[in-house]
Amino acid sequence: MTEPTGDELDHDPNIALHVEDLIVSYGDRPALWDIDLDIPAGVMAGVIGPNGAGKSTLIKSVLGLVKISAGHSRLFGQPSVTQAHRVGYVPQRSTVDWDFPTTAVDVVTMGLYGQMKWWRWPGRHERDRALRALEQVGMEALADRQISELSGGQQQRVFIARALVQAPDILLLDEPMAGVDATTERQIIELLRRLRDEGRSVIVVHHDLQTVQRYFDWLVFLNVRIIAAGPLDEVYTANNLRRAYGGQVALLDEAQAESQSEHQSNARLSD
Amino acid sequence: MLAFLTDYTLQNVMIGAALIGVISGVLGCFAVLRRQSLLGDTLSHAALPGVCLGFLIVGTRSMESLMAGALVSGLMATLLLIALTRHTRLKMDAALAIILSLGFALGVVLLTYIQNRGGAAQAGLDSFLFGQAAATARADLYPMAIIVAFALALVVIFWKPLKLMTFDPEYAAVAGLPVRLLELFLTGMIALAVVVGLQMVGVVLMTAMVIAPGAAARQWCASLLGMLILAAVFGAVAGITGGVISALAPGLSTGPVVVLIASAIALFSLLFAPQRGLIPTYWRRRHRLGHTSSDRVLLTVYELAREHGDWSYRVEQGAIDAYYGMLTEPLLLALAQRGLLASAQHMPDEGPHWQLTQDGCEYAASRSAQRRRDWRLNRASGSP
């Protein structure tokens, strides 16, 4: 995809995720600094970077879960908040209490709550859709199992099914491979590839550098700022890796120095 | 013998206690699952100054005015809680503790002032501390019933948002639910439950009525709906039994009796619930023990020793327990009796250890070779 040059192109519906001038700050430290990003529709993109690089924050800012200090994001050319129904979000598994009294199919059904009339109770129709989503992730046999009795990999697949049940156009996954065994990881990546091949856009926050090349066709190197973003074979270079992972402290200092010097950042913005 | 069931006062007590049990049981489930068990405690203590102010303003001990006062101060406490946790660096538990003690202190000061003022009208206001079910009049039941029906209707109507927000608040926000508003709404409803129970159970112990039925019901149920219904039943049982006992025994406050019964139900559930109870869990592990042969345990020790390249390798008992997911001590003792294992000492800060004896090593080696032969045979005769 080409760089957006004007307002018209900023809202290109073929750009799955467009982020512009985004700044997110936790307290006195910027978590994301001046993010400009375009991820085209239909790719499987990996967001990689060291701990504290703001990978999860980037996804959460698109979803409206963290307060944005500056900038905006668009999904398929529309303001992100209006596109919630097209997004399937798979949070980190550790964000919920898996001892909650409920079954796998029930958790997946919760993925439909946002689409249902708010006073209606879920019924047969919703359950059938949830079962089909569980089938997609190979979990239909465990549909009525208590979620506390599922293994880590099974819990992760339930979360993915909860995102799939809404038939989303774009999937945002936050470290879906964390704490799952090798078999599950392979199943998940095959599933995500299938979804990509169906034309959906898949964006994955990823931690394991060793598998980056095999899994993704589009990469975003993030370390508070965008280090590099583009097709895998263009941006997966030793230089970018070193810049993302090697100079963490230096980059942060730079970002802070920049926030103090208005001149300098203005100069950058007009680049 | 059931004549007391027709007694007018007792009827009032039972209906009122059932209402309290149902509403606090149902709403308490959300507090239990959201790990906000102290919330009920804070809200009930914070309601006391409201009760006193309601009395001071209206001048009589009418249920409506006291409830309105309790509700107002409960909601103010809720807002203060949200403000404290959102805008200061205080964590939730500290904010809850501060508001709890502040509310109670304010309430006791006002209560003392009212009592020193004298007058017949103030009689019984101090029953709000520990609850006095026998003081419940038929007229008191109507506002209680209305609030309970209102709260239950809201839970039914807002079922999906409440459930989603309790399980995964972040996902609820992504799904477009107004999470902060819902949080305020849920806290307000718990404040309502507390207000309903104040007169009968009292501010000091009302929190147990919010938490105990939910905690007990969680042990038996596999779904949120089931948990809510069972918590309502548990709450009603505790309320009715406690209310009746205290009404029959002169001078006995209702709150403590109700709480003792609710706690007994919770304790029983924690111990005996089939899936999660401590005792059934223990028995399942013991049962598995009966199906694990001591030879398998010996082979595990043998394999560990071989992996460490040391036939006298000392294996910690905890490691074997962890491997089998049960307490293996009886099997280890049996093996020791057969002269195959010997108890051993290792680090003083670790648990008991075991090592192979000469006999044990030879026996395990032959069993291990046997098993490998069996395995090869099985594989050769099985499908390709």
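Any idea of the accessible area per residue across the protein assembly as shown, 1.4 Å probe, to the nearest Å²? Please report the intermediate quantities before stating the final value.
Details: 30400 Å² over 655 residues.
For the protein assembly as shown, the per-residue accessible area is 46 Å².
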Using θ = phi - 60° and the Karplus curve 6.51 cos²θ - 1.76 cosθ + 1.60, what whole-Hz ³J(HN,Hα) does each residue of region B:205-216 get, with Gly and Pro shown as x?
-> 10, 4, 4, 5, 5, 6, 8, 4, x, x, 5, 5
Within region A:81-130, DSSP-loop trypsin sites (Lys or Arg not before Pro) with at most 10 other C-beta atoms within 10 Å are A:Lys117
Write down the percent of antiparallel bridges among all DSSP beta bridges whose residues are both part of the protein assembly as shown, to the nearest 5.
-> 60 percent
With 0.36 nm assigned to each residue of separation and the Cα-Cα distance removed, B:Asp7 to B:Gln345 gains 114.7 nm
Measure off, as a whole percent, the carbon and sulfur share of the 1.4 Å-probe accessible area of region A:1-143, all protein chains present.
-> 50 percent
Relative contact order of region B:226-384 (C-alpha contacts under 8 Å, at least 6 apart) in percent is 15 percent
Remind me, relative contact order of region A:88-168 in percent, using alpha carbon pairs under 8 angstrom and six or more residues apart?
-> 50 percent
Determine the calculated [θ] at 222 nm for chain A from helices alone, applying -39500 (n - 2.57) to every DSSP H run no shorter than 4 residues and normalising by the residue count; nearest 500 deg cm²/dmol.
-> -10500 deg cm²/dmol
Which residues' amide hydrogens lie under 5 Å from the amide hydrogen of A:Ala31, considering only partners 5 or more residues apart or on another chain, with H built in the peptide plane?
-> A:Val24, A:Ser25, A:Tyr26
Segment A:Ser148-A:Asn51, length gained on full extension (0.36 nm per residue, minus Cα span) | 32.1 nm
Helical mean residue ellipticity (222 nm; -39500 (n - 2.57) per DSSP H run of 4+; nearest 500) of chain B = -25000 deg cm²/dmol
Comparing each residue of region B:169-207 in the complete protein assembly with the chain by itself (heavy atoms, probe 1.4 Å, ligands and nucleic acids ignored), those losing at least 20 Å² of accessible area are B:Glu170, B:Tyr171, B:Val174, B:Ala175
Who wins for biggest fluctuation among B:Met326, B:Met165, B:Met144 in a Gaussian network model of chain B, springs between alpha carbons below 10 Å?
-> B:Met326
Most fluctuating of A:Val19, A:Val107, A:Val47 in the GNM of chain A (C-alpha, under 10 Å) is A:Val107
Scattering curve values for the protein assembly as shown, log₁₀ I(q)/I(0), Debye with Cα scatterers, q = 0.07, 0.09 Å⁻¹ = -0.66, -0.97
Too long for a 28 Å Cα-Cα cut-off, among A:Lys55/A:Lys117; A:Lys67/B:Lys160; A:Lys67/B:Lys163, are A:Lys55/A:Lys117
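In debye, nearest 20, what is the charge dipole magnitude of chain A about its Cα centre with +1 on Lys and Arg Cβ and -1 on Asp and Glu Cβ, if you could check? Don't skip to the answer; put the middle values down first.
Numbers: 26 positive and 37 negative charges, 190 e Å.
The calculation lands at about 920 debye.
Tell me, what are the semi-axes, in whole angstrom and largest first, of the equivalent ellipsoid of region B:277-362 as set by the roots of 5 times the Cα gyration tensor eigenvalues? All intermediate terms of the calculation are to be shown ahead of the outcome.
Values: eigenvalues 106, 42, 24 Å².
Semi-axis lengths for region B:277-362 are 23, 14, 11 Å.
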Chains A and B: accessible area buried, summed over both chains, 1.4 Å probe, nearest 100 Å², reads 2600 Å²
Max mean-square fluctuation residue, GNM over chain A, Cα-Cα springs under 10 Å, options A:Asn51, A:Asn239, A:Asn14 | A:Asn239
Can you list residues whose amide H is under 5 Å from B:Ala344's amide H, if they're 5+ apart or on another chain and H is modeled 1.01 Å from N?
-> B:His353, B:Trp354, B:Gln355
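Let me check against my output: what whole-number percent is the relative contact order of chain B, with C-alpha pairs under 8 Å and at least 6 apart?
Details: 579 pairs, mean separation 76.7, N = 384.
Contact order relative to length: 20 percent.
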Semi-axes of the equivalent ellipsoid of chain A: what are they in whole Å, largest first, if each equals the square root of 5 times a C-alpha gyration tensor eigenvalue?
-> 33, 20, 18
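The values are calculated or read from the model by the stated rules, or taken from the named source; none is laboratory data. Remember, it's a predicted structure, so these values are computed and weren't measured experimentally. With ideal geometry, Cβ positions are generated from the backbone for all residues, glycine too; neighbour counts draw on all protein chains shown. Surface areas here come from the heavy atoms of the whole protein model, side chains and all, with no ligands, DNA or RNA. Shrake-Rupley method; radii C 1.70, N 1.55, O 1.52, S 1.80 Å.
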